[in-house]
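Some notes on the structure that comes next.
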Amino acid sequence: MTINVFTLTSPIHDKKAIGIETERFLGSIAAPDTQMQLQSDFSAYGKAELDLIYVRTGGTEGLFRKVWESGVLQGQPVRLLTSGKSNSLAASIEILTWLRAQGADGEILHGEESYISRRIRTLAKSEEVRRTLNGQRAGIIGKPSDWLIASQADAEKVRTRWGIELVEIPMEELLEEYRKHDYPIAARRRVKTCPSDYFVGALELYGAIRRIVDKHRLDALTVRCFDLLTTVKNTGCLALALLNEEGIPSSCEGDVPALLTMMLSRALTGQSGFQANPARINPETGEVLFAHCTVPLNMVKDYHWDTHFESGIGVAIHGELPTGDATLLKVSGDLERWFAEDVTLVRNQYEDQLCRTQVVLQTHDAARYLLNDPIGNHHVIVSGHHAEAVQAVMER
């Protein structure tokens, strides 16, 4: 990872002493996989994986203003790095205050060197995520389900902010592919034997969706899957489980905001995410039960076949997820709002009167958020703690 470090230094300070301190400080915060390159020409700003402005001394506020007024920084994140030596923090605070008055965003990276190093890695990861998402194509097969009245997406904002193109695909196209009754034989070998009469049809739905992915060059997709209950008398649960396992984020019910959340979590962690809805909340303890009828097969330590909860037909999955650290997250369809919290997956459970994969999370703020100011009902659960990294992406 290459990090360009642009310096601001008052001419009245001792250049040799500042140079020695620069070498020491940058060496102390550099991760083993990072290469920090000092830059004196701000025209290179925005060209590296991450750009930092190292405010080395006080008396540099005017120098920064001249750089800003040249236009090279405008429209890009401004991250001010300071060691706290030579009045650099005071200058950074003055600069950031001025930036805010211009309506621009910025941040000061200051504190213990270990903290600064972690923060730099987080910021670098957020930039990597945005580069990964930029140019991706997300298919919407059919319209969002009718009950998702608060889960629409703003295609223009999604394209402008993340560079993702939303591709609308008629449900009839999926049905035409399904009528070919074809699927890769390898898909059958990837899953446990299922005694259900619906099993072959579920695999054929996978084959149909997989061909659409290839045809439209999709990186992710969502399906208005409840329509399949009446048109083909089967479910998309197995198909979505396989696609997510392959690294193609795939959400249920035509829920585009849930899909965008899964794309974010995939780009951020390299892992699949479990789309689920809250089924029960204990606001006193912070425990929240989430459930859904499909789960990425690479997220579970074991699974069993079941029927789809609402309809009682088709193939659904009762998965057992590993307990431990997890992140609960959701972004809105216009990418203006987001929620992310580091949580603990405390147990799996099973009740007949719920969607088939059921997990209980121990949360801190999620119960209050869900009961007072939620972003739709579907949320995404991913293994590990990533809330800080999500925040860095969304605040960009």
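Sparsely packed loop sites in region 3-64 (the trypsin sites (Lys or Arg not before Pro) outside DSSP H, G, I, E and B with at most 12 other Cβ atoms within 10 Å) comprise K47. Extending 7 Å from the Cα toward the beta-carbon at both A387 and D365 defines two label points whose distance is 0.6 nm. Here region 69-99 is scanned for amide nitrogen atoms under 12 Å from the site 7 Å beyond the Cα of S28 along Cα-to-Cβ, giving 82-86.
Highest first, please rank the peptides 313-324, 62-73 by the mean number of other Cβ atoms sitting within 10 Å of their residues.
313-324, 62-73
Taking Cα Rg over 2.2 N^0.38 Å straight from the coordinates, which label in (i) 1.00; (ii) 1.14; (iii) 1.04 is the correct one? Working out Cα Rg over 2.2 N^0.38 Å from the coordinates points to (ii). Listed from fewest to most Cβ neighbours within 10 Å, the set S43, S88, S196 follows the order S43, S196, S88. Of the cross-linked pairs K47/K125; K66/K125; K143/K215; K180/K215, those separated by over 21 Å at the C-alpha level are K66/K125.
If I take R0 = 30 Å and measure r between the Cβ atoms of I12 and S114 in this structure, what FRET efficiency does the formula 1/(1 + (r/R0)^6) give, to the nearest 0.05? E(calc), rounded to 0.05, equals 0.45. Here the relative contact order of the chain, from alpha carbon pairs under 8 Å that lie six or more residues apart, stands at 13 percent.
Full extension of the chain segment joining R189 with M1 gains 63.8 nm, where the gain is 0.36 nm per residue of separation less the Cα-Cα distance. For F290, F6, the sequence from fewest to most other C-beta atoms within 10 Å is F6, F290. The order of K301, K85, going from fewest to most other C-beta atoms within 10 Å of their C-beta, is K301, K85. Each part gets one Cα centre, and for region 230-284 versus region 107-123 those centres are 33 Å apart.
Once the C-beta distance of R131 and N282 is scaled by a Förster radius of 45 Å, the resulting FRET efficiency is 0.65 to the nearest 0.05. Here's the list of lysines a cross-link from K301 could span, going by alpha-carbon distance under 22 Å and ignoring same-chain residues fewer than 8 apart: K192. Relative to the Cα centre, the charge distribution of region 137-394, modelled as +1 at Lys and Arg Cβ and -1 at Asp and Glu Cβ, gives a dipole magnitude of about 640 debye. Label-to-label distance for E310 and D197 is 2.3 nm, based on points extended 7 Å past Cα in the beta-carbon direction.
Every number in this text was worked out from the coordinates using simple rules, so none of it is lab data. As the structure is a prediction and not an experimental result, all values here were calculated from the model. Cβ sites come from the backbone with ideal geometry, for glycine too, and all protein chains shown count toward neighbours.
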